[in-house]
Amino acid sequence: MIDLENITQSVRKAKQNIDKRVIVCAGTGCVANGSLKVFKSLANTAKELGIETHVELKEENKGAFFSKSGCQGFCQNGPLVNILPSGILYTKVKIDDVKDILEKSVKNNELIDRLCYSNNGKVCKGQSEIPFYQKQYRLVLKQCGVIDPENIQEYIADGGYRAAKKACVEMTDKEICDVVFASGLRGRGGGGFPTGKKWHLTRRQVASKKYMICNGDEGDPGAFMDRSVMEGNPHSVIEGMIIAAKAIGADEGYVYVRTEYAFAVERMRKAVKDATDIGILGNDIFGSGCNFTLHVMEGAGAFVCGEETALIASIEGKRGMSSPRPPYPAQSGLWEKPTTINNVETLATIPIIVNYGAESYRKIGTESSPGTKTFALTGHVLNAGLIEVPMGSTLRHIIFDVAGGVTDEKGNVKEENFKAVQIGGPSGGCLTREHLDLPLDFDSLKKVGAMVGSGGLVVMGKHNCMVNVSKFFMQFMQNESCGKCVLCREGSKQMLLMLTNITEGRADENTIPLLEKLAKAVQMGSLCALGKTAPNPILSTLKYFRNEYDAHIKEKKCPVGECANLINYMISDKCVGCTVCSMKCPVKAISGERRHRHVIDTAKCVKCGVCIASCKFNAIARG
């Protein structure tokens, strides 16, 4: 039987011999910007400089220890390099910076100002001084970005699998369900259904076989919360699944991960193998008599497979399509056996609740929505990335305190730049300036026609066309419809066609009433949540930005100049004739003599925006 304490002591001894730990972010965002090349260069250059370094955590190793981590959250500023115990965080690190980091920071504890994040001119040494981190409450993400996600021993040494052992050895199935129910934890996958109640429903079913499934099929545009947890702390998900399996009486489970998440798939598979090899998964877990076998399955990337019944069909080898409910998965799920499905973030929260208790967990968040929520913050904000805040935090806090504010087309940050935020992905709704102080929790958002969803937040500035935004999300939903429901299959196609007509100047006064009528019909008549929520972006933007729709239809004009078919570019009297725009124009549509006002040939203009971006005098505008 595995001895968690022996592993913990061994890892702690190994860490005592380390002078410095250099952690390079190996989350998908930083890897895309070259962080793995930085890691390799750090190891090679350290040897050239004669610095004793190691890439494995062993008791006999001394000197500096180089390791990779999952997503550290500060994605806008990657690649990130964190140096402990000095607490230095370097941003936008390139291979050319490696030698300086080793010579100055690793050998001599010096701070390299140019690599530090600057907040209004103030150099921030590390996470403790950066507002992006200061303003968060990292609970589920606490270990992400710190521990090596591929080292099970380090997870154990940091308290890992204690909650699983406690649940398997000391608690009954009912006690586990009761604790989770008392915590108030609600599913973080979108619906917000009470997790403890869901477990109780499956636990009470009498069956010879039950299944536990982790839904890692995160398909919302701009969402990467679950992916980052699986990449950065896969063992927290496995531990949550072990506890859930004991609670419902399951002996087999699946982690369903979309195939595009290459690192998540790879690290989840390694984590499952490592946990199985040392006896944390398999038969007689912790000598408790509990058995639990886990498989990692890749999904084909269909958004509809985020819905429970479609996901089950996919695992069974069928086409991912939703089925009518009842029966619910708790009654008849995978291969017609009782099944519980939770998403990644929900399961990663479970060990925290079991370790510290329901009462402690309820102190965070709101009465009806306890705990924290991770959000993937993208769009026109200064610092996009992965964040975690208590439930009930406001949009104002997230956008202006954590993310640093809203940027315009030239990167300037001003509060008036904020226009709207799409919350909950394509299934969610649009929130505006009047909602900046609205608490983000399940019930408050429901009252205004929006939803937390899985946690995607796309921030839009004043230069974004809301009709175009609605069209973007409808295009996604139409592509992802499984086609089973006539209303969803044909309705989404027709709604997209109407939005296209609006943005291209072909709509008339009958278009909007027809669009609203069809949206409500699709909402009412679709079988699953994909179809029922598909019209949300349309209905919410119509509610708050009706004037933009009217301008497109009645005036044949896009108020923000984003819809190419409805705009013309004009050069004003501010033009000094510097000729920069004419040289930059890819189709040679701009002409004029030096030091004289230039003109644009609208027949040639392709409305690419290069001229506006290149003009230093703000002399070119969309009209």
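No value in this document is a laboratory result; all are computed from the given coordinates. All of these numbers come straight from a predicted model, not from anything done at the bench. Every residue, glycine among them, receives a Cβ derived from its backbone with ideal geometry; neighbour counts consider all protein chains shown.
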Put +1 on the Cβ of every Lys and Arg and -1 on every Asp and Glu Cβ in the chain; which of 27, 384, 208 then has its Cα farthest towards the positive end of the dipole? 384
Cα convex hull volume per residue for region 529-592 (Å³): 156 Å³
Take the alpha-carbon centre of region 75-139, take the same for region 542-609, and report the distance between them in whole Å. 41 Å
Over region 305-388, what lengths in whole Å, largest first, do the semi-axes of the equivalent ellipsoid take, defined as the square roots of 5 times the eigenvalues of the alpha-carbon gyration tensor? 31, 21, 11
Could you check what % of the DSSP bridge pairs in the chain are antiparallel, to the nearest 5? 55 percent
Hey, with R₀ at 35 Å, roughly what FRET efficiency would residue 104 and residue 12 work out to, going by the Cβ-Cβ distance, to 0.05? 0.75
What length, rounded to one decimal in nm, is gained on full extension from residue 92 through to residue 122, with 0.36 nm per residue of separation minus their alpha-carbon distance? 9.1 nm
What number, rounded to the nearest 500 deg cm²/dmol, is the helix-based mean residue ellipticity at 222 nm of the chain, given -39500 (n - 2.57) per DSSP H run of at least four residues and division by all its residues? -10500 deg cm²/dmol
Taking N as the number of residues in region 568-622, what is its alpha-carbon radius of gyration divided by 2.2 N^0.38 Å? 0.95
What is the packing order of peptides 339-346, 55-62, taking the mean over residues of other C-beta atoms within 10 Å and listing the highest first? 339-346, 55-62
Could you tally the net charge around residue 51, taking each other residue with its Cβ under 14 Å from the Cβ of residue 51, Lys/Arg +1 and Asp/Glu -1? +2
Can you give the three extents of the C-alpha atoms in region 467-554 along their principal axes, from longest to shortest, in whole Å? 36, 20, 20
Magnitude of the charge dipole, region 467-554, Cβ model with Lys/Arg +1 and Asp/Glu -1, debye to 20: 260 debye
So what are the three principal axis dimensions of region 372-464 from its Cα atoms, in whole Å, longest to shortest? 36, 22, 22
Region 152-362 - share of DSSP beta bridges that are antiparallel (%, nearest 5): 15 percent
How big is the dipole moment of region 372-464 about its Cα centre under a simple scheme where the beta carbon of each Lys and Arg is +1, that of each Asp and Glu is -1, and everything else is neutral? Debye, nearest 20, please. 160 debye
Candidate aspartates and glutamates - alpha carbon under 18 Å from residue 68, same-chain residues fewer than 8 apart omitted: 19, 52, 56, 97, 148, 150, 154, 158, 231, 266, 274
Given R₀ = 30 Å, what would the calculated FRET efficiency be for residue 204 paired with residue 58, taking r from the Cβ atoms and rounding to 0.05? 0.05
Sorting 472, 296, 187 by the position of each Cα along the dipole of the chain (Lys, Arg +1; Asp, Glu -1; all at Cβ), the one nearest the positive end of that ordering is 472
Checking a compactness column here: for the chain, what do you get for Rg(Cα) / (2.2 N^0.38 Å), N being the number of residues? 1.04
Based on the alpha-carbon set only, what is the convex hull volume of region 423-482 divided per residue, in Å³? 91 Å³
Under a Cβ-only charge scheme (Lys and Arg +1, Asp and Glu -1), can you give me the dipole magnitude of the chain about the Cα centre, in debye to the nearest 20? 1400 debye
Bin width 10 Å, alpha-carbon pairs only: give the P(r) of region 341-381 as whole percents, running from 0 to the bin holding the largest distance. 24, 48, 21, 7
